[in-house]
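Written out below as structure tokens is the structure these notes cover.
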Amino acid sequence: MDRAARDELCRLSATELAMRIRKLEVSPLEAVDAVLDRMADIDTTLNAYCTPVPDLARDSARRIGERLARGEAVGPLAGVPVGVKDLITTRGIRTTSGSPAYEDFVPDEDDVVVERVVAAGAVVLGKTNATEFGYSAVGHNPLFPATRNPWNTQLTPGGSSAGSAAAVAAGLGPVALGSDGGGSVRVPAAHCGLVGFKAAMGRVPVWPSCRDERFAGVSGWESLEHIGPLTRTVADATLMMSVLAGPDPRDRHSIPCSDVDWTAVPADGSVAGLRVAYSADLGYLAVDPEVRRVVGEAVGVLEKDLGCRVEAVDPGWGDPAEAFAALIAADTDLTGMRRLIEEHGARMSPHLVAMMQRRWTAEEFTDANMVRKAVVNRMARLMSTYDVLVTPTTAVSAFEVGIQGPTVIDGRKVRDTAWTGFTFPVNLTGQPAVSVPAGWTRDGLPVGLHIVGRHLADAQVLDVAAAFERAAPWAHRWPADPKVQAGRGAPDSAPSSTSSQRSRSATSR
């Protein structure tokens, strides 16, 4: 297969690729080989995959191809290559969580979402890079070379599902799994021009993840965390949800999904008359003017082209950032994490070490819960009047690799995490939310449109996203390959002593 044919195959949506594989027009092995060849070409620059497993992927593709040839029933993702975030456990495949503390950890069981995509016929390509234990919204960690944004390799793809987003945006698999405890699916989706969906709390079970009581220090954020897909189209997001969603007795928070027919979402019907609350800044966030412009134009599409009834609002809950930080700490195994820091702290992320070593008080935790309840109540009152809330996904577009975030936005001094302020309130409430591409800045960087639905109204969120996609399509836009960017002056990733670890993997599943 020549490079043009290979890249054309890599640019198929998961929905289209799965259909062609079922019709025997493309074999699973051809699809996987195309992605692996492209990965060899460009991922030395992007660093999307920290532990690729090419041999395992090819073996899996061959087996699925043989089943298809025999006319056996296959799942809806049969032959579709998928990346899995390095915080999500994969049996027999190294899962580091981006931390020196788990540099050689190989789980003996899959996360439930991995069980489900494999049962649906997907081919796992490997583990995608993430920030250490997911505790920031960028793309670097102390273990692997930093993940870079396919739209500009000098910039971050966002995070913490950094590698998953970079991979999908660059054609290194049409879909990938991420996790979202405060925006970690939606933020990189916004920075990479993708669809990032966080379903309502409990739609997608979370068990066990590598953050399990058996693994000291890395207990999951049980009240905040979701697993969700990163895709190029809304249809692919719903395809993934048809596989991922559904109760599991191992997750006590999982809920029945009988009220959503994922195969019927997104609908092609009109969203005219839908009541849309629009907030450009939630009443307190500093927002880059280019982001305001792009998102404002996208909201204009909702109103003028799609007939939604848009009204500017101020949700009125005030900035809950300090409460959110306390809730993360409350959901963390602080004792275990401090033990890890005693052993590995010199190699761990400084911002993570500082957060874990802070002496939190019981009052800070209880006060944070009161703030959370206030946000939940105010959001519920807002959503009793409106069908969806629309905001920017992030306050800025992608910025340089290596920092946590800008400290000045639109002339205002801010903390370096303030740019993520639109997403984490929806983790406090557990509502469904999606980021879709609103448009591009004048510098050619993607900007995300954040669509938040009522409690459990996942289908409506995706219907609005699909309607916007039809009115302002984006999937035809692709970033220039990193080698082309390098020729224009964007740097390749610096050599690293950890680079050789990228090819390491464990035994077969």
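Read the figures in this text as sums done on the coordinates, not as results from a lab. What you see is a predicted model, and the numbers here were worked out from it, not measured in a lab. A quick note on method: Cβ atoms are made from the backbone with ideal geometry, for glycine too, and the neighbour counts reach across all protein chains shown.
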Debye equation applied to the C-alpha atoms of region 1-64, log10 I(q)/I(0) at 0.18, 0.21 Å⁻¹ = -0.68, -0.91
Provide the FRET efficiency to the nearest 0.05 for the Ala264-Arg415 pair, computing r from the beta carbons and using R0 = 41 Å.
-> 0.45
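I'd like the FRET efficiency for Asp55 and Ala346, computed as 1/(1 + (r/R0)^6) with the beta carbon distance as r and R0 of 51 Å, rounded to 0.05. Walk me through the numbers on the way to the answer.
On the way: r = 34 Å, r/R0 = 0.68.
The pair Asp55/Ala346 has a calculated efficiency of 0.90.
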Excluding residues on the same chain fewer than 8 positions from Lys198, give the lysines whose Cα lies under 17 Å from its Cα.
-> Lys85
Alpha carbon convex hull of region 288-381, projected area averaged over orientations, nm² | 9.3 nm²
Label point 7 Å out from Ala486 along Cα-to-Cβ: which residues of region 8-40 have amide N under 14 Å?
-> 39-40
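Which FRET efficiency value, to the nearest 0.05, do you get for Arg477 and Glu222 by plugging their Cβ-Cβ distance into 1/(1 + (r/R0)^6) with R0 = 35 Å?
Numbers: r = 38 Å, r/R0 = 1.07.
With R0 = 35 Å, the Cβ-Cβ based efficiency is 0.40.
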What full-extension length gain, to one decimal in nm, is calculated for Asp367 and Ala354 as 0.36 nm per residue of separation minus the Cα-Cα distance?
-> 2.6 nm
Would you mind ranking Cys257, Cys192 so that the residue whose beta carbon has the fewest other beta carbons within 10 Å leads the list?
-> Cys257, Cys192
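Where does region 238-310 land on Rg(C-alpha)/(2.2 N^0.38 Å)? Spell out each step's value before the answer.
On the way: Rg = 17.6 Å, N = 73, 2.2 N^0.38 = 11.2 Å.
Against the empirical 2.2 N^0.38 Å value, I get 1.57 for region 238-310.
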Once the Cα atoms of region 142-207 are picked out, what are the Rg and Dmax in Å?
-> 11.9, 37
Radius of gyration and maximum dimension Dmax of the chain, Cα, Å | 21.0, 64
